[in-house]
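All remarks here apply to the structure that follows.
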Amino acid sequence: SQTIHQWPATLVQPVGSPLSLECTVEGTSNPNLYWYRQAAGRGLQLLFYSVGIGQISSEVPQNLSASRPQDRQFILSSKKLLLSDSGFYLCAWREFSMRGEQYFGPGTRLTVT
Amino acid sequence: AQSVTQLGSHVSVSEGALVLLRCNYSSSVPPYLFWYVQYPNQGLQLLLKYTSAATLVKGINGFEAEFKKSETSFHLTKPSAHMSDAAEYFCAVRNQAGTALIFGKGTTLSVSS
């Protein structure tokens, strides 16, 4: 069966510091991968998605970036965090053949101070 | 363009009462629709999906949803609420390109004893 991992689970970072969140999927090949952010009271915001290694689509311009160095690894980064980057970050995957449903990881709670 | 509207950001019911969470969608193509549940500080879990088969869809934990094309609705119901149903619920529609999901803003369900 497929599983999705995210780490760290929680993170407290000062403004201006760098960020690296990692997501890995097991038990599937060539998945579509997604990063979402969930801010308090604002629902889910799609940040990036990837259909393959090195292929990244950005949905919202901001100081975040994403990379996919391996088939089942998706990384969210920032060079300098802003207070507004605080939130709950969720990684998700889906198989190309699936009819759209995505499966989510446990999330990372980021607090920028 | 696809969009989702969830009516009511907060719904309160008593234990044993009917649960009804409303979702209306807009789609320029036959929609694929989904309901997800999120417990505090966890990722999203797929409850059920509609992918153009039966209009009444049964999901996990006793939930079901009915696709009504004429009303562009996909409301989520459960005959008898349980305390463990207290969570946030998200309705989603697949985008036209089939690459991502578009989520509603969510409905928080509270269950009182």
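The values are calculated or read from the model by the stated rules, or taken from the named source; none is laboratory data. Being a predicted model, the structure only gives us computed values, none of them experimental. Glycine gets a Cβ as well: all are built from the backbone with ideal geometry, and neighbour counts include every protein chain shown.
Any chance the range A:58-68 includes a residue that's closer than 13 Å to A:Pro31 by Cα and more than 8 Å from every other protein chain (Cβ to nearest Cβ)? So far as the range A:58-68 goes, yes, one or more of its residues are closer than 13 Å to A:Pro31 by Cα and more than 8 Å from every other protein chain (Cβ to nearest Cβ).
Does at least one position in the range A:37-56 carry a residue that is farther than 26 Å from B:Tyr89 by Cα, of a type in the set (S, T, N, Q) and away from chain B (no Cβ under 14 Å)?
no
Remark: pairs (first residue in the range B:16-33, of a type in the set (Phe, Trp, Tyr); second residue surrounded by 12 or more Cβ atoms within 10 Å (Cβ to Cβ); Cβ separation under 6 Å; 6+ apart in sequence or on different chains) = B:Tyr25/B:Val4; B:Tyr25/B:Pro31; B:Tyr25/B:Thr72; B:Tyr25/B:Val93; B:Tyr32/A:Arg99; B:Tyr32/A:Gly100; B:Tyr32/B:Thr51; B:Tyr32/B:Arg94. Pairs are defined by a Cβ separation below 7 Å, a sequence spacing of at least 6 or placement on different chains, a first member in the range A:23-44 that is at positive phi, and a second member that is part of a loop (DSSP other than H, G, I, E, B) and of a type in the set (Asp, Glu); the pairs so defined are A:Asn30/A:Asp71.
Residue count for the range B:23-39 satisfying the condition of being of a type in the set (Ser, Thr, Tyr), farther than 21 Å from B:Gly8 by Cα and within 11 Å of another protein chain (Cβ to nearest Cβ): 1.
Any residue that is closer than 19 Å to B:Leu44 by Cα and modelled with pLDDT of 90 or more - is there at least one of those in the range A:54-73? For the range A:54-73, residues closer than 19 Å to B:Leu44 by Cα and modelled with pLDDT of 90 or more: absent.
Given the structure, is A:Ser57 in a strand (DSSP E or B) and out of contact with any Phe, Trp or Tyr (no Cβ under 9 Å at 6 or more places or on another chain)? Taking the combined requirement at face value, the residue does not satisfy it. Of everything in the range B:40-71 that is facing chain A (nearest Cβ under 10 Å) and surrounded by 18 or more Cβ atoms within 10 Å (Cβ to Cβ), the residue that is farthest from A:Leu110 (Cα to Cα) is B:Tyr50. The residues on offer are A:Ala40, A:Ala66, and the sole one that is surrounded by fewer than 16 Cβ atoms within 10 Å (Cβ to Cβ) and touching a strand residue (DSSP E or B) at 6+ places or on another chain (Cβ under 8 Å) is A:Ala40. Of the residues A:Arg72, A:Arg109, the single one that is away from every other protein chain (no Cβ under 14 Å), touching a Phe, Trp or Tyr at 6+ places or on another chain (Cβ under 9 Å) and touching a residue at least 40 places away in the same chain (Cβ under 8 Å) is A:Arg72.
Just give me the residues in the range A:96-113 being over 18 Å from A:Gln6 (Cα atoms) and either assigned to a loop (DSSP other than H, G, I, E, B) or modelled with pLDDT under 95 (or both), in sequence order. Passing the criteria: A:Phe96, A:Ser97, A:Met98, A:Arg99, A:Gly100, A:Glu101, A:Thr113. Of the candidates A:Cys23, A:Cys91, the single residue that is within 14 Å of the chain's Cα centre (by Cα) and more than 10 Å from chain B (Cβ to nearest Cβ) is A:Cys23. Looking only at the range B:2-9, decide whether some residue is surrounded by fewer than 16 Cβ atoms within 10 Å (Cβ to Cβ), under 13 Å from the mean Cα position of the chain (by Cα) and assigned to a strand (DSSP E or B). Taking every residue of the range B:2-9 in turn, at least one turns out to be surrounded by fewer than 16 Cβ atoms within 10 Å (Cβ to Cβ), under 13 Å from the mean Cα position of the chain (by Cα) and assigned to a strand (DSSP E or B).
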